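The values are calculated or read from the model by the stated rules, or taken from the named source; none is laboratory data. Please read these numbers as outputs of a predicted model, since none were measured by experiment. Note: ideal-geometry Cβ built from the backbone for every residue, glycine included; neighbour counts use all protein chains shown. These area figures cover heavy atoms from the full protein model, side chains too; ligands, DNA and RNA do not enter into them. Shrake-Rupley method; radii C 1.70, N 1.55, O 1.52, S 1.80 Å.
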Amino acid sequence: MLNHILAALNDYAFAFNQDECAYSYISSNIVELSGYESVEFENNPGLWFSLIDSRDIKKVEGLYDKPLDNDKSTSITYRITTAEGKTTWINEKRCLYAKEKGENILLSIVKNLELEDEEQYNKEEAIGGYEILFDNNPNPMWIYEVSSLRFLKVNAAAINTYGYTEAEFLTMTIQDIRPEADQNALNDFLQDRGSAEAKFVGYSNSGIWRHLSKSGELIYVEMYGDAIQYKHYDCRLTVAANITERLYYQEEAEIREQFLNSLIDSQTNFLVRINMAGEYTFVNKRFMKILGYNKADIIGKHFSTIALPEESYLCKKAFYNCINNPGQVIHLVHKKLDVSGNLHDIEWEFIAVTNENKQVTGIQGVGQDITDKINSQKEISWTKKSLEAIINNTEDLIWSVGRNFGYLYMNQAYQNTITTQTGIEPQPGDSAMHTFFSDEVLARWKEHYARGFKGESYVVEEELLDPNTGRSFYYEISFNPIFDTEGKITGMGCFSRNITERINASKSIIDQNERLRNIASLSSHELRRPVATMLGLINIIDRENFNNPENMEIINHLQVVGNEIDDVIRLIVNKTFIGEE
């Protein structure tokens, strides 16, 4: 009986005996749907399952795994691939039928939805008479069935945007154009809208979504949809406005804005804007950080608020100069008070801001806190003056020359010495090779400088003759190369100390040592001989008979020897104090 009933149906039917794991009935026209004869299904019970599209296998398995109650049916829409390779949408209704003999028969009634859609489409007016608005719309549009999510109709814009043919679209669902990473979000969205129960009705703006083209390119779309009846199905008419390019430019604009903000915030200079009323409309983070203010303290306040009252006129003058001279950079240096009352020296450059009509709408300025710079300059100036005082209060000679032998620097002692020697007061830039000196002297000094310019640091001694007194003066001169930041020698630093006293003292010691040597020589030769004679005469004096006539002769000899000793002593004295031989 069951087989006769199934044979009378226009749809495709299967009856599967679960106890025997074999088909008890297969519609003879199944070949029209699948391309396979009924006998092929009988011989291969798993053939039908193998026809299911890979995109729908999980969904079908989920239904097949659920137990069926008697006389209750389930329905599912999915895709199969025919023997010819064609993808076809079908709807399968399944129910469990128990025969009187206790056999469990699984009945499946399969409809070819594409044939049914075509028949229904021919009976209905196409999209309520608005098909031209659908087909020619520049935005991608489609109609999909709410329950199965399958595409039922797409327009030309969708085909061009996504790269699928119309036939390919009609074998797909709206899930197939979503990236894998967005599938859960789509499912959650559909669940929230009640699509599973076909209650997803009414107009909606679904927001911005990511879609995938056939080539794998990401497409950003803003989705709009409304519920319609199409081919007797509950459907959604959807418009997918392609906003990829718009988002790209928005993202580019945001990146540029972030970059500019980052650039502004990372500036070590102050950046400000002031409107025509003289009120701050913008200050950067550096301005607030250094001066300790927050935006509420500054924005909307007049620029004179944080300027010294006695310098307010300078700020106003710069403000009006800027407004009256658009395009011209106005410079200003003044002091500003920070939140703690400390003063900051700030150097500004202001320029007028104009609109498209060349009208001045305000001014903007770039400022730099030069407080440390000014303090450093003061300290450098003080240090320089202190060093100058020390250098110019010494009797030592200090000077430097460039590679062309021109003076770079000289202290007062050097200037006085050269003036005394040459009669000409030297100045920075003058040549150190004075024509006053002889060619021999100039050649020797050129040799000294040349050694230094080769990178050698060394010390020499030079004798200079005072032209007025004719006295010789001796100097110890050190030569030290001057290097620039790149390590190149650009000049020669010279330091000269008067060592005349040291030289003279050394010569005196040498002379005295020579005299001592002469004294020693006289003592050992000229003095010892008469002393020895005297001692010999004393030894032969007749001490017992002092009136011995020979004693008188000895005394006369002693007188002669005494005179000789006196002459030697006079000579020693002369050698010691006079230096004569």
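Listed by first and then second residue, the pairs with beta-carbon distance under 9 Å, at least 6 apart or on different chains, first residue in the range 542-554 and closer than 22 Å to residue 530 by Cβ, second at pLDDT below 80 and open to solvent by less than 100 Å² (accessible area, probe 1.4 Å), are 550/542; 551/542; 554/542. Within the range 492-522, the set of residues being farther than 30 Å from residue 414 by Cβ and surrounded by 14 or more Cβ atoms within 10 Å (Cβ to Cβ) comprises 515, 518, 519, 522. Listed conditions (1) touching a His at 6+ places or on another chain (Cβ under 9 Å); (2) of a type in the set (A, V, I, L, M); (3) part of a helix (DSSP H, G or I) are all met by residue 253, apart from (1). The single condition among (1) in a helix (DSSP H, G or I); (2) open to solvent by 70 Å² or more (accessible area, probe 1.4 Å); (3) closer than 15 Å to residue 349 by Cα that residue 322 does not meet is (2). Looking for something within 19 Å of residue 475 (Cβ to Cβ), of a type in the set (A, V, I, L, M) and within 45 Å of the chain's Cα centre (by Cα) - is there at least one such residue anywhere in the range 393-414? Looking through the range 393-414, at least one residue is within 19 Å of residue 475 (Cβ to Cβ), of a type in the set (A, V, I, L, M) and within 45 Å of the chain's Cα centre (by Cα). The numbered conditions (1) assigned to a helix (DSSP H, G or I); (2) polar (S, T, N, Q); (3) in contact with a Phe, Trp or Tyr (Cβ under 8 Å, 6 or more places away or on another chain) are all true for residue 521 except (3).
Okay, residues lined up against (1) open to solvent by 40 Å² or more (accessible area, probe 1.4 Å); (2) at pLDDT 85 or above:
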position	(1), (2)
211	no, yes
220	yes, yes
231	no, no
250	yes, no
257	yes, no
266	yes, no
272	no, yes
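Residues of the range 353-390 being of a type in the set (Asp, Glu), closer than 22 Å to residue 269 by Cβ and outside any strand (DSSP E or B), which ones? Once the filter is applied, which keeps residues that are of a type in the set (Asp, Glu), closer than 22 Å to residue 269 by Cβ and outside any strand (DSSP E or B), the range 353-390 yields only 372. For residue 542, indicate whether it is at pLDDT below 80 and either open to solvent by less than 70 Å² (accessible area, probe 1.4 Å) or of a type in the set (A, V, I, L, M, F, W, C) (or both). In short, yes. Residues in the range 267-291 that are in contact with a helix residue (DSSP H, G or I) (Cβ under 7 Å, 6 or more places away or on another chain), under 18 Å from residue 345 (Cβ atoms) and not hydrophobic (A, V, I, L, M, F, W, C): 2 in all. Within the range 464-487, residues that are under 14 Å from residue 499 (Cα atoms) reach partners that are among the small types (Gly, Ala, Ser) and open to solvent by 60 Å² or more (accessible area, probe 1.4 Å) with beta carbons closer than 9 Å, at six or more positions or on different chains, in the pairs 478/457.
May I ask you to verify whether residue 489 is aliphatic (A, V, I, L, M), touching a strand residue (DSSP E or B) at 6+ places or on another chain (Cβ under 6 Å) and under 24 Å from residue 406 (Cα atoms)? Answer is yes for this residue.
Of all residues in the range 407-431, those that are in a loop (DSSP other than H, G, I, E, B) and open to solvent by less than 30 Å² (accessible area, probe 1.4 Å) total 2. Residue count for the range 327-352, restricted to those that are over 25 Å from residue 377 (Cα atoms) and either of a type outside the set (A, V, I, L, M, F, W, C) or not in a loop (DSSP other than H, G, I, E, B) (or both): 4. For the range 351-370, the tally of residues that are touching a strand residue (DSSP E or B) at 6+ places or on another chain (Cβ under 6 Å) and either more than 23 Å from residue 292 (Cα to Cα) or open to solvent by less than 20 Å² (accessible area, probe 1.4 Å) (or both) stands at 11.
Listed here are the residues, each with its yes/no results for (1) free of Cβ contacts under 8 Å to residues at least 40 places away in the same chain; (2) surrounded by fewer than 17 Cβ atoms within 10 Å (Cβ to Cβ); (3) aromatic (Phe, Trp, Tyr); (4) farther than 24 Å from residue 97 by Cα.
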{"site": "26", "(1), (2), (3), (4)": "yes, no, no, no"}
{"site": "42", "(1), (2), (3), (4)": "yes, yes, no, no"}
{"site": "49", "(1), (2), (3), (4)": "yes, yes, yes, no"}
{"site": "54", "(1), (2), (3), (4)": "yes, yes, no, yes"}
{"site": "60", "(1), (2), (3), (4)": "yes, no, no, no"}
{"site": "63", "(1), (2), (3), (4)": "yes, yes, no, no"}
{"site": "68", "(1), (2), (3), (4)": "yes, no, no, no"}
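Within the range 395-406, the set of residues being within 10 Å of residue 432 (Cβ to Cβ), surrounded by 15 or more Cβ atoms within 10 Å (Cβ to Cβ) and not small (Gly, Ala, Ser) comprises 399, 401, 405.
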